[in-house]
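Have a look at the structure below before the remarks.
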Amino acid sequence: MNPANYLYLSALLFTIGAAGVLIRRNAIVVFMCVELMLNACNLAFVTFSRLHGNLDGQVIAFFTMVVAAAEVVVGLAIIVSIFRSRHSASVDDANLMKL
Amino acid sequence: MSASSVHSLWTTAAPVADKFPTPHIEYAQLSPVLIVLGAAALGVLVEAFLPRRSRYTAQVALAALGLAAAFAAIVALADKGYGTTKAHIAAMGAVAVDGPALFLQGTILLVGFVAIFTFAERRLDPRAHGNQVDSFAAQGSAVPGSDQEKAAVRAGFTSTEVFPLLMFAVGGMLIFPAANDLLTLFVALEVFSLPLYILCALARRNRLMSQEAAVKYFLLGAFSSAFLLFGIALLYGYAGTVSYSGISSVIDGTAPMNPALADTTGNDALLLIGLAMVAMGLLFKVGAVPFHMWTPDVYQGAPTPVTGFMASATKVAAFGALLRLLYVVLPGMRWDWRPVMWGVAILTMLAGAVIAVTQTDVKRLLAYSSIAHAGFILAGVIATTPDGISSVLFYLAAYSFVTLGAFAVVTLVRDAGGEATHLSRWAGLGRRSPLVAAVFAVFLLAFAGIPLTSGFAGKFAVFTAAAQGGAMPLVIVGVISSAIAAFFYIRVIVLMFFSEPKPDGPTVAVPSLMTSTAIAVGVAVTLVLGLAPQYFLDLADKAGIFVR
Amino acid sequence: MSFPLLTVTAAVPAVGAVVTAAVPAAQRTTAKYTALLFSLATLVFAAVALVRFDPDGDRYQLTESHAWIKDFGLRYDLGVDGIAVVMVALTALLIPFVMLAGWHDADPLEDANPNRRWRPTQGFFALILLVEAMVVLSFEATDVFLFYIFFEAMLIPMYFLIGGFGDRAHAGGEEEAARQRSYAAVKFLLYNLAGGLIMLAAVIGLYVVTAHQLGTGTFSLQEILSARASGKLDIETSTERWLFLGFFFAFAVKAPLWPLHTWLPNAMGESTAPVAVLITAVVDKVGTFAMLRFCLQLFPEASKWAAPVILVLALISIIYGALLAVGQRDIKRLIAYASVSHFGFIILGIFAMTSQGQSGATLYMVNHGISTAALMLVAGFLITRRGSRLIADFGGVQKVAPILAGTFLIGGLATLSLPGLAPFVSEFLVLVGTFSRYPVLGIIATLGIVLAALYVLVLYQRTMTGPVKAGIEGMTDLKARELLVVTPLIALLLFLGVYPKPVTDIVNPSVHHTLSDVHKTDPKPALEAKK
C-alpha cells in the first residue's frame, strides 16, 4: 500500500480534530480533539520515518506521546477544577472576561 | 569440547551490531539550563519533604539562588567567547550555544529573577487569619468559596509550589530560543507552557476568572502546539530531518538528494504548509494578530505577578525561537515568508493599538499594548539583517523590564476585592500617591516610546533596522500605530493626574522590599536603557550572530 | 577643554527642576525662590553666551561634541549660530517673568484638603524649569537626532503644565474647567506627538540615506552639510522631498501653521496665562526655528519646491488667525488666534527666501515672544482679578486701574505692530522681503496688519473704555510684583523698536549662511528681483 495514504489519513484526522476544537462546546471534548490532532501528528511522523528510512520520526512520536501525557495531566487538572467550581465544562459559559 | 564450540554447531554468530554511540553532552555549556531545571526539581522535593512553615523561605531562596547561579553561568560562558568566536551547537545538534541564545537566556533569567520578587510579595493582601498571604490561592484544588478553601485559608496554606513551577517555566524558556532542532523546540515549548497554564489558574482573588483564563490559555495553547507539531511533521517529511541545518541545506539544495524520495524530499507544498504551521505556533506564543485572541483574557485573569512574568519572558523566548527559525532555517525562503510577515506585522501593530483604545481594564490595556509591541518587534524581525537581530534583542530586553515593572505597579492599587484594575478606579491616583502614579507614568511613557526612555531606544533601533532592510512602509505604519497607541497611554496618565480622586477609590498598598525592588529595577532599566544604551547595544550587536 | 557654556546653560534649569521638586511640601515660598534663582542663573549664562558670540566669526560657535549613542549615530553636539544664540537668550529672558507672573498660580486652594505629599507648587515651577532646559537644548543642538529627542521630550512637562494647572476663571465651574483643561492637554499632546512621530520616520529615513551613502549613519548637521557640499552625499530628489515633508509636518504642528493650528487656542485658552506665554512665546518658537535650521539647511531643494504651497498656507494662517481673533469672545483665545496670525508672518518670512524676509522672521520670533508675553501676562492679571476671561464681563477698567489698562494698551499696540514698537521692524522686514519676490503675497499679507489693528483696538475698547461694569468697580491696579514683570518687557519693546541693531547684527550673518545654503545654484535672486 502506498504510504502516502497514511499521510492522507493523518491529515484527515488532524482536520477532524481541528474542526472539533473549533465547534465543540464541552472543554473535555475540545481537549480530546486536541489529543486527536497530536495523534494525527504521530501518524505523520511514523509515516515519514518509514518513507525516509530513518528512525527520527519514530523517536519523535515517543516524545509526542510523553508530552501529550503531560498535557493531559495539566489540562484535566485545570478543566476539573473549573468544572467543580461552576458545575459546567462548557467553554461558552467561560465568559467572565468578555469585553 | 567447549560450550561455545558446541553452540557453534547449530548457530552462526550474527555480526555484532555497532553499539549506539554514546551521546556527547557538553554539560558545562548547558549548565544554565541544567542549574535551573535542577533547582526546579529540588523545589519539588522541598515541597514534598519540608514542613509547611519553612517552605516559603526555602523555596524563595532556592529559586533566587538557582536563577542567580544560572545567570552567573551565562556570564561565564559569554566571557569565554561562546557568544561570539566559540559559538557552536551542543548536545548532539539539539541546542545552540551562540550570541542570541546567551543574550536571550540572560534576559530571561534576569526577568525571572525579578519576577520572583513579585511572586514572593506577602505584604499587599491583608492578613488572613493572622497569616501573611501572597497573590496565589491557598490551595489550588479547593473549590472557590467551599468549606475546604476556607479551611485552607484558616490554616494559613499558601501555594509555595509556584516557585518550582516558575523555575520549570524558566527552564523551558531557556531552551526555547536555543533549540536547534524542531523536536527540541516542541519539547521546550511544552516545558514552559504547561507550568504557565497552572500558574494562571492559581490567583487568590477572583479565582473563577483565574481558572477561566487558565482553561482558555490551555485549550488555545494546546491547539496551537498541535499545529506546531503537525508543521514539524511536514517539515520532517520535507527534509527527512528535524535539525535546523539539515532543513536549511535541503532548502538551499545543497543536501545530497535521494532520488527515490523525490516525491517527498524537497516537496515545496510540504515545506510551505509546514513552515506556515510552525510559524503559527510561534506567532501564537508571541501574541501576534490573528493569533492574539487569548492574550487579553489570560493577562486579565491570571494573577498579576504571573501576568508580568508571562508577558515579558514568554515574549523574549518566543521571539528568540522565531528569529532562529527564520534566520537559520529559512534564509533561503525569505522571499516567501517576508510578505506574509509584513502582513502579520502591519495587522498586529494596527489592531493592537486600535483595540487598546477601547479598553477599560488596566490589565487588558497592557495586554493589547503588548500585542502592538509584538508588531513593532516583528518589524525588526523582518529586516533580515544583522542589525535586525541585534535590534530585536535590544528591544526584547528593554520591553520586558518595562512590562514587569508596569504589572508590579498594578499589584499595588487595591480595594476590598483585591486589585482594582478597572480604569475608572485609577482616577486621581496621582493626587493620592504621586510616587506610584509617577512611576506608572514612566512605564507608560516608555511603552509609548517617548525619548529618553528605553521604549524609545528600542523602537528607534527596530525601526531603523527595518528601514535599512527596505521596509520603510512598515516603519510608517509603525509610526502611525505608535501615535494611536500614545493616545491610550496618555489617557491613563490623564486619568491618574488630572481627574479628581473618588472618595471610595482604591488604596495604594505599601509593598514590602520585594515588590519595591522589582519596580525600582524596572524604572532603573527603563531610564538606563533610555539614556545610555550604548553598552547594551554593543552587547546586542556582538550577540547578533546565529550559529548554523 | 574649554568651559562647556552651552551645556551649563541647559543644565542649570535642569538641575533647578530637580532641586525645586525636592523642596518639602510645606515650604512653597522657598520652592518659588529657588526656581526663580535658577532661572536667573540661566539668564546670566545665556547672556554670557550672547556676549561671547562673535557675529563675524565661525558659523557655529561655542561648540561641544561628544559621542552619545554610537549605534544610533546620535552625538551630543551643541553649537549656536546667531539665530540660536538669540533664541536661547529670549527663552532665558522670558522664563523669570513667566515665573513671577505665575507666582500664585499654583498655590493650592485654601479650602482644598491638603495631602501632605501633593506638591503642586513645587511641581509647577520644576516643570517650567524642565521645559526651559529642553527648549534651550533644542535650540543648541546641531545634531538632528539630539534635537528630535528634546523636541519630543519637552511635550511631557508641557502637557502636565497645561493639564495640571489650568485657568481657574472658567464660566462652567470647576468641574467643567477640569474637563476642558484635560481635553486641551490631550489635544496638545496628540497633535504634537503625531507630528513628532511622523518626523521620527523622516529621521530614520535620513539615517538610512546617510548610512547608505556615507558608510555610517550620521545626524550631525555639519557633517551632512559638508558631505553635501563635497558631493559625497547626494539625496535623490523624491527622497529629499519626503524627508522634508516629514520634518516640516512636525514643525508646522508645533509652529502652528494653518490647518494644524487647532490645538493652540484650546491649549492657550485653558492654561494659566504664564503657561500660555510659555507655549506661544517659547515652545512654539522651536518649530519656526527648526524650519530655519533643519528644513532649509538639510533639504534646500525640497524647501524651494515646497515654498509656494507653504507660503499660501502661511498667508491663510495670517488672514484666518486674524479673522478668528476678531470674532472671539474670550480674551485668551483672542490672543491665541492673534498668535496663529503672527506665526503665519514668521513662516512667510522664512519661506520667502530673501535675506530681509529671514532676518525679519528671526527678529519677529524675538519680538513676538516679548510682545505676546507682555500682552498675555497683563491679560492674565486682568482675568485673575475679575475671575472671568469673557470680554463681555469687562468694561471701563481704565478708570479703576489705569496702569493696568496702560500696559495692556502698549502690549496690544505692540501686537498690532505700531511703528516705534519692536514688532513693527520685524513685520516690515518680513513684508518687504516677501514683496520683493512675491508682490501679490506681500500685498495680501498686509491685510493681516489691518485686521490686527481691528481686533486689538476693539478688545481694548470693549474691556478698558466705557462705563465701569459690575464686578470691575473694586479692581486693584498692578502690584509691585506685577509691575516688575511688565515694565522690563515694555522697556524692551520700546528699545528694540527704536534700535533693533544689536539683534540684527547678531542674526544677519547667520541668515546669510542659511540663505546661501538654499541658493547654491541661484545666488541673490532677491537683489535681482528688486533691480
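Are any residues in the stretch C:60-75 surrounded by fewer than 18 Cβ atoms within 10 Å (Cβ to Cβ), outside any helix (DSSP H, G or I) and within 11 Å of another protein chain (Cβ to nearest Cβ), and if so, which ones?
Within the stretch C:60-75, just C:67 meets the criteria.
Give C:403, C:383 a once-over and let me know the one that is within 14 Å of residue C:483 (Cβ to Cβ) and either of a type in the set (Phe, Trp, Tyr) or in a helix (DSSP H, G or I) (or both).
Numbers: C:383 fails: within 14 Å of residue C:483 (Cβ to Cβ).
Result: C:403 is the single residue among C:403, C:383 that is within 14 Å of residue C:483 (Cβ to Cβ) and either of a type in the set (Phe, Trp, Tyr) or in a helix (DSSP H, G or I) (or both).
Please enumerate the residues belonging to the stretch B:68-109 that are closer than 15 Å to residue B:548 by Cβ and in a helix (DSSP H, G or I).
B:99, B:100, B:101 - these are the residues of the stretch B:68-109 that are closer than 15 Å to residue B:548 by Cβ and in a helix (DSSP H, G or I).
Within the stretch C:216-226, identify whether any single residue is part of a helix (DSSP H, G or I), touching a Leu at 6+ places or on another chain (Cβ under 7 Å) and at pLDDT 80 or above, and answer yes or no.
From the stretch C:216-226, those part of a helix (DSSP H, G or I) are C:221-226; that's our starting set.
Going one step further and asking which of them are touching a Leu at 6+ places or on another chain (Cβ under 7 Å), we end up with C:224.
From the residues that got through so far, the ones that are at pLDDT 80 or above too are C:224.
Yes, some residue in the stretch C:216-226 is part of a helix (DSSP H, G or I), touching a Leu at 6+ places or on another chain (Cβ under 7 Å) and at pLDDT 80 or above.
Could you check residue B:138 against (1) under 18 Å from residue A:67 (Cα atoms); (2) in a loop (DSSP other than H, G, I, E, B) and say which number it fails?
With (1) under 18 Å from residue A:67 (Cα atoms); (2) in a loop (DSSP other than H, G, I, E, B) applied to residue B:138, the lone miss is (1).
Looking only at the stretch B:197-216, filter to residues that are in a helix (DSSP H, G or I) and more than 9 Å from chain A (Cβ to nearest Cβ); which one of those is surrounded by the most Cβ atoms within 10 Å (Cβ to Cβ)? Full working, then the answer.
Applying the first criterion (in a helix (DSSP H, G or I)) to the stretch B:197-216 yields B:197-200, B:207-216.
With the extra rule that they be more than 9 Å from chain A (Cβ to nearest Cβ), the set shrinks to B:199, B:210.
On the way: B:199: 29, B:210: 27.
Once the filter is applied, the top-ranked residue is B:199.
From B:494, B:439, grab the single residue that is facing chain C (nearest Cβ under 10 Å) and farther than 22 Å from residue C:74 by Cβ. Walk me through it before giving the result.
On the way: B:439 fails: facing chain C (nearest Cβ under 10 Å).
Selected residue: B:494, the only one of B:494, B:439 that is facing chain C (nearest Cβ under 10 Å) and farther than 22 Å from residue C:74 by Cβ.
Within the stretch C:78-89, does at least one residue satisfy the condition of being in a strand (DSSP E or B), touching a residue at least 24 places away in the same chain (Cβ under 8 Å) and more than 18 Å from the chain's Cα centre (by Cα)? Walk me through how you get there before you give the answer.
Applying the first criterion (in a strand (DSSP E or B)) to the stretch C:78-89 yields C:78-80.
Those left that are additionally touching a residue at least 24 places away in the same chain (Cβ under 8 Å): C:78-80.
Now restrict to residues that are more than 18 Å from the chain's Cα centre (by Cα): C:78-79.
There is at least one residue in the stretch C:78-89 that is in a strand (DSSP E or B), touching a residue at least 24 places away in the same chain (Cβ under 8 Å) and more than 18 Å from the chain's Cα centre (by Cα).
Residue-wise test of (1) without any contact (Cβ under 8 Å) to a residue 40 or more places away in the chain; (2) under 20 Å from the mean Cα position of the chain (by Cα).
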| residue | (1), (2) |
| --- | --- |
| C:294 | no, yes |
| C:300 | no, no |
| C:308 | yes, no |
| C:311 | no, yes |
| C:318 | no, yes |
| C:323 | no, no |
| C:326 | no, no |
| C:331 | no, yes |
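Can you list residue pairs whose Cβ atoms sit under 9 Å apart, with the first residue in the stretch B:447-466 being more than 9 Å from chain C (Cβ to nearest Cβ) and the second being basic (Lys, Arg) and not in a helix (DSSP H, G or I)? Count only pairs 6 or more apart in sequence or on different chains.
none
Within the bounds of the stretch B:161-175, is there any residue that is touching a residue at least 60 places away in the same chain (Cβ under 8 Å), surrounded by fewer than 22 Cβ atoms within 10 Å (Cβ to Cβ) and not hydrophobic (A, V, I, L, M, F, W, C)?
Yes, there is a match, as at least one residue in the stretch B:161-175 is touching a residue at least 60 places away in the same chain (Cβ under 8 Å), surrounded by fewer than 22 Cβ atoms within 10 Å (Cβ to Cβ) and not hydrophobic (A, V, I, L, M, F, W, C).
Kindly indicate which of B:452, B:435, B:423 is aliphatic (A, V, I, L, M), surrounded by fewer than 24 Cβ atoms within 10 Å (Cβ to Cβ) and on the phi > 0 side of the Ramachandran plot. If you could, list the steps in order and put the result at the bottom.
Numbers: B:435 fails: on the phi > 0 side of the Ramachandran plot; B:423 fails: on the phi > 0 side of the Ramachandran plot.
Matching residue, one of B:452, B:435, B:423: B:452.
For the stretch C:186-201, enumerate the residues that are surrounded by fewer than 24 Cβ atoms within 10 Å (Cβ to Cβ) and more than 7 Å from every other protein chain (Cβ to nearest Cβ).
Hits for the stretch C:186-201 are C:187, C:191.
For residue B:480, all conditions in the list (1) out of contact with any helix residue (DSSP H, G or I) (no Cβ under 6 Å at 6 or more places or on another chain); (2) more than 10 Å from chain C (Cβ to nearest Cβ) hold save one; what is the number of the exception?
(2) is the only condition that residue B:480 fails.
Yes or no, residue by residue, for (1) over 18 Å from the mean Cα position of the chain (by Cα); (2) over 20 Å from residue B:519 (Cβ atoms):
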| position | (1), (2) |
| --- | --- |
| B:357 | yes, yes |
| B:365 | yes, no |
| B:370 | no, no |
| B:376 | no, yes |
| B:383 | yes, yes |
| B:425 | yes, no |
| B:436 | yes, no |
| B:447 | no, no |
| B:450 | yes, no |
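Conditions (1) surrounded by 24 or more Cβ atoms within 10 Å (Cβ to Cβ); (2) of a type in the set (A, V, I, L, M); (3) more than 21 Å from the chain's Cα centre (by Cα), marked per residue:
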| site | (1), (2), (3) |
| --- | --- |
| B:76 | no, yes, yes |
| B:86 | no, no, yes |
| B:96 | yes, yes, no |
| B:103 | yes, no, no |
| B:111 | yes, yes, no |
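With the condition being of a type in the set (S, T, N, Q), I'd like the helices (runs of 4 or more DSSP H) fully within the stretch C:255-328 carrying at least 2 qualifying residues.
C:300-326
The values are calculated or read from the model by the stated rules, or taken from the named source; none is laboratory data. Every value quoted in this text rests on a predicted model; they were computed, and no experiment measured them. Note that each Cβ is placed from the backbone with ideal geometry, even for glycine, and that neighbours are counted across all protein chains shown.
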